[in-house]
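The values are calculated or read from the model by the stated rules, or taken from the named source; none is laboratory data. Note that the coordinates shown come from a computational prediction; the quantities given were computed from them, not determined experimentally. In this analysis, Cβ positions are derived from the backbone assuming ideal geometry, glycine residues included, and neighbour counts consider all displayed protein chains.
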Amino acid sequence: MNITILPLKIALSFMLAMMLYSCAREDVYMGDDIDISTSRDTIMFDTVFTEVGSATRSFKLYNSKSKAVAVDIKLQGGATSFYRINADGIVGPEINNATIQANDSLYVFVEVFIDPDLPLSKSPFVVKDQVVITGGNDQDIVQLESFGQNANYVFGKRDITTIANICNGTNPITWNDPKPYVIYGIMAIIGCDLIIKAGTNVYVHGGIVIGDSLSYNPGRIFVKNGSIKANGTLENPITIQGDRLEPEFADVPGQWFGIQLDSASINNQFSYTTIKNGIYGILADSSSHLEIDHSQLLNSSSLGLFGSHSSAEVSNSLIYSAGSYGVYWRYGGNYNMNFSTVVSYGIQAEALRMENYLCTDQLCLGEIRTNPLMATISNSILVGSSRDEILIDEFEGSDPFTVDYTFNNTMIRIDEFLESRPDFFDNCNDCINFNGTDALFVDVNDDNFELDSLSIAERKSIPINGVTDDLLGRMRSSAPDMGCYESQFKM
């Protein structure tokens, strides 16, 4: 008799379990108005791996409904991601129909696996992905970020918008490690001097700016009451750029903000330094001072070199491929440029713009402030694809706060500009007005701004004390060439 009763008990138990399971499934809400919230919107793995390893973090999904809900959880990067997820005992990259009970939460565990010795083409400095949570019409995203390479990381805690002041009572601070320095967020130099030694590579993590919002791209170097001295050499130059080194990002502008020199930032120096792929190259604000020599500022989505009521000495340098003005000096200041090349091809913005005023509102309808601007440009090249590559905008009635300029032995391109300033060449000694057709550079389309073998800029400059060579270390002759390059074709 027991033989017949036992199977009946088992059958009844199985039927009861199935009924309970069916009821539970029926209680899972499948509507479109599921509302899921997350405990974190970003997970930052701040471990810097020096050897192959992994780390795990977690976050919670919250269900505020009075019924259980089902959600799909997936890694945007899929099976090729550096990350793996685990929720409700199921391992991803994708987890379907994960149940969160009524007024309850569900843990999602995220693991990252890093090999810091992988090439940058496979593992960048900052490894990103997203966890996408979908339930009904609701979708939430949790950002994932880790450090993928063995480098020196400078960042402000886990918040990319936090300003991290590297000054810690030690002055100066020196960067000379053969491993690159990666700036994550806004790095501030407030109250000390940063010396960057020859051969150092500095990468700044940022994001492409959308619209006119500069705050969207936080990756920048900010200097106040201190200085930055990037002392490269011809054999071991310094590079400061965005952290995306894949070939497709090599010439993409706007990947980080740029270098911002605030007021009271003096004695800044950039020698044999390349600054590239930012929104700006260098911004020199009120009362700041900088010296640039044997350097390049390129691929800026906005301005190459910007000075506002500041002072700058520029020599043997090349500024090109800016989305706006190559050089823009505003609201006065003192500027001196020797043996430099500023080119502005493919855009309708001048190579050089100078102003002695500052508008206090966007439409320039309110207060207009003025300061005297004094500039001397010698032995340089200021050309581009526009008919006018110089713009001098002087606020009327600003005297004695005028724009006082002198050009010496400089190649320029101007046309309609002369209608408003017919006496321009009275202050342009031995200058050449480039017509756009004479031989000048080797190959503009290939961004090769060395002088052509028949260049009209050859032997058109005058020697300047202290300037003995060009951007590439070639010795300047007794009859030097205009611009940052001494001709390679000279006999």
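Scanning segment 415-429 for residues that are surrounded by 13 or more Cβ atoms within 10 Å (Cβ to Cβ) and under 22 Å from residue 462 (Cα atoms) turns up 424, 425, 427, 428, 429. With respect to the stated conditions, residue 377 fails to be buried (at least 20 other Cβ atoms within 10 Å of the Cβ) and not in a strand (DSSP E or B).
Any residue in segment 250-276 that's under 23 Å from residue 289 (Cβ atoms): show its pairings with residues that are among the aromatic types (Phe, Trp, Tyr) and in a loop (DSSP other than H, G, I, E, B) at Cβ separation under 6 Å, as long as the two are six or more apart or on different chains. Here the result reads 258/280, each pair linking segment 250-276 to a residue that is among the aromatic types (Phe, Trp, Tyr) and in a loop (DSSP other than H, G, I, E, B). Look at segment 294-315: where a residue is over 23 Å from residue 462 (Cα atoms) and a partner is of a type in the set (D, E, K, R) and not in a loop (DSSP other than H, G, I, E, B), sitting 6+ places away or on another chain with Cβ atoms under 9 Å, you get 297/276; 298/276; 299/276; 300/276; 306/330; 307/330; 308/330; 309/330.
With the condition kept exactly as written, say whether any residue in segment 64-74 is among the small types (Gly, Ala, Ser) and under 30 Å from the mean Cα position of the chain (by Cα).
Within segment 64-74, none of the residues are among the small types (Gly, Ala, Ser) and under 30 Å from the mean Cα position of the chain (by Cα).
Restricting attention to segment 382-436, the residues that are touching a Lys or Arg at 6+ places or on another chain (Cβ under 6 Å) and aliphatic (A, V, I, L, M) add up to 2. Screening 112, 142 for residues that are in the same structural domain as residue 100 (by TED's automatic domain parsing), in contact with a Lys or Arg (Cβ under 7 Å, 6 or more places away or on another chain) and either outside any loop (DSSP other than H, G, I, E, B) or surrounded by fewer than 14 Cβ atoms within 10 Å (Cβ to Cβ) (or both) leaves exactly one candidate, 142.
All of (1) surrounded by fewer than 18 Cβ atoms within 10 Å (Cβ to Cβ); (2) part of a strand (DSSP E or B); (3) out of contact with any Gly (no Cβ under 8 Å at 6 or more places or on another chain) hold for residue 119 with one exception: (2).
Taking the condition assigned by TED's automatic domain parsing to the domain that holds residue 55, within 27 Å of the chain's Cα centre (by Cα) and among the hydroxyl-bearing types (Ser, Thr, Tyr), does residue 107 pass? No: the conditions fail for residue 107.
For residue 332, the requirement of being modelled with pLDDT under 95 and buried (at least 24 other Cβ atoms within 10 Å of the Cβ) is met. The residue that is farthest from residue 295 (Cα to Cα), counting only those in segment 471-491 that are in contact with a Pro (Cβ under 8 Å, 6 or more places away or on another chain) and either basic (Lys, Arg) or surrounded by 13 or more Cβ atoms within 10 Å (Cβ to Cβ) (or both), is 480.
Being more than 18 Å from residue 148 (Cα to Cα) and among the small types (Gly, Ala, Ser) narrows it down to one of 58, 81, 54, so name that one.
Being more than 18 Å from residue 148 (Cα to Cα) and among the small types (Gly, Ala, Ser) holds for just one of 58, 81, 54, which is 58.
Could you check segment 326-374 and list, in sequence order, the residues that are in a strand (DSSP E or B) and hydroxyl-bearing (Ser, Thr, Tyr)? Listed by number, the residues that qualify are 328, 331, 335, 341, 344, 357, 370. Can you tell me how many residues within segment 404-424 are touching a Ser or Thr at 6+ places or on another chain (Cβ under 9 Å), of a type in the set (S, T, N, Q) and on the phi < 0 side of the Ramachandran plot? Result for segment 404-424: 3. For segment 414-440, a residue qualifies if it is touching a Leu at 6+ places or on another chain (Cβ under 8 Å) and either touching a residue at least 40 places away in the same chain (Cβ under 8 Å) or polar (S, T, N, Q) (or both), and the qualifying residues are 434, 440. Just one of the numbered conditions (1) surrounded by 14 or more Cβ atoms within 10 Å (Cβ to Cβ); (2) more than 26 Å from residue 203 (Cα to Cα); (3) free of Cβ contacts under 8 Å to residues at least 60 places away in the same chain is not true of residue 130: (2).
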